[in-house]
Amino acid sequence: MLFVMSCLDRAGSAGLRTGARPAHLAYLDANPGVVRLAGLYMDDDGASIGSMFIMEGEDRAAVEAFAAKDPYFQAGLFGAVEIRPWRVVIGQLA
């Protein structure tokens, strides 16, 4: 089942993002197939303000458990997180 996880960074957390990014990317690489697509939310000036993930999991609990181990979460980067079931209607995920 697919889920969209929408995460907004805490104010003033750019240093947390930068510091945790290598470990975050290593975590995703070590767990292929869970995150199907991901990217940054940006402000009008192009600065990172959050992240969006399309994830695959058995259920919401599996997605939450995976996210809890992500170095971004462990660093306290995100101030707000929403996880919702999601279905592709147009296009496809490779």
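For the chain, the relative contact order works out to 48 percent when only alpha carbon pairs closer than 8 Å and six or more residues apart are counted.
The shape of the stretch 11-66 can be summarised by an equivalent ellipsoid whose semi-axes, obtained from the alpha carbon gyration tensor, come to 23, 14, 10 Å from longest to shortest. Centre-to-centre separation between the Cα atoms of the stretch 60-76 and those of the stretch 30-59: 12 Å. Place a point 7 Å from Cα of R10 in the direction of its Cβ. Which residues in the stretch 68-85 have their backbone N less than 14 Å from it? From the stretch 68-85, the list is 72-81.
Between R60 and D43, full extension at 0.36 nm per residue minus the direct alpha carbon distance yields a gain of 3.3 nm. A simple packing score, the average count of other Cβ atoms within 10 Å per residue, orders the peptides 30-36, 72-78 as 72-78, 30-36, with the highest score first.
Counting only alpha carbon atoms, the long axis of helix 14-30 and the longest principal axis of the chain meet at about 30°. Based on alpha carbons, the Rg and Dmax found for the chain are 13.1, 37 Å.
Only the coordinates and a few stated rules stand behind these numbers; no lab work does. Small disclaimer: the values here were computed from a predicted structure and weren't measured. Heads up, the Cβs are rebuilt from the backbone with ideal geometry, glycines too, and the neighbour counts pull from every protein chain shown.
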